[in-house]
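Q: Got a structure here, written out as structure tokens. Questions coming.
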């Protein structure tokens, strides 16, 4: 399987941290790789720049947009925690969370 686009990671990230506890980003990398059944080759695929793994890049973009929308916080470097708004989004959007859904968050 190819590495999904960053929007495909949004809902799974929130699902994996839905217990309300802080979670290390390194832990999420492993859990999401298993969730998407990615191969070692998928995980090693680099961006065209050759400077970063495509897999890590996609997760970081998903994290950026979720954080910016207020669905998660980063209480420490490399640590994520879901917010009440993030939990609400999981209930409100049971199938998919992407950029269109994030646009419903008041500015």
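Q: Suppose the filter is farther than 30 Å from residue 107 by Cα and at pLDDT below 95; does residue 34 pass it?
A: So residue 34 fails the test.
Q: Could you tell me whether any residue of the range 14-26 is on the phi < 0 side of the Ramachandran plot, part of a helix (DSSP H, G or I), touching a residue at least 12 places away in the same chain (Cβ under 8 Å) and touching a helix residue (DSSP H, G or I) at 6+ places or on another chain (Cβ under 6 Å)?
A: yes
Q: Conditions: (1) surrounded by 13 or more Cβ atoms within 10 Å (Cβ to Cβ); (2) assigned to a helix (DSSP H, G or I). Residue 97 meets all but one. Number of the miss?
A: (2)
Q: On the given criteria, is residue 103 without any contact (Cβ under 8 Å) to a residue 24 or more places away in the chain, surrounded by fewer than 15 Cβ atoms within 10 Å (Cβ to Cβ) and closer than 20 Å to residue 2 by Cβ?
A: Judged against the criteria, residue 103 is not a match.
Q: State all residues of the range 34-64 that are in a helix (DSSP H, G or I) and either touching a helix residue (DSSP H, G or I) at 6+ places or on another chain (Cβ under 6 Å) or surrounded by fewer than 13 Cβ atoms within 10 Å (Cβ to Cβ) (or both); if no residue qualifies, say none.
A: 34, 35, 40, 41, 43, 44, 55, 58, 59, 61, 62, 64
Q: Just give me the residues in the range 61-81 being under 11 Å from the mean Cα position of the chain (by Cα) and touching a residue at least 40 places away in the same chain (Cβ under 8 Å), in sequence order.
A: Result: 61, 62, 63, 65, 66, 71, 72, 80.
Q: Which residues, taken from the range 65-79, are surrounded by 11 or more Cβ atoms within 10 Å (Cβ to Cβ) and over 18 Å from residue 98 (Cα atoms)?
A: If the condition is that a residue be surrounded by 11 or more Cβ atoms within 10 Å (Cβ to Cβ) and over 18 Å from residue 98 (Cα atoms), then 74, 78, 79 are the ones that fit.
Q: Same structure, new question: Look through the range 80-94, keep the residues that are assigned to a helix (DSSP H, G or I) and in contact with a helix residue (DSSP H, G or I) (Cβ under 6 Å, 6 or more places away or on another chain), and return whichever of them is surrounded by the fewest Cβ atoms within 10 Å (Cβ to Cβ).
A: Per the stated criteria, the residue is 90.
The values are calculated or read from the model by the stated rules, or taken from the named source; none is laboratory data. Source: prediction; values computed, not measured. In this analysis, Cβ positions are derived from the backbone assuming ideal geometry, glycine residues included, and neighbour counts consider all displayed protein chains.
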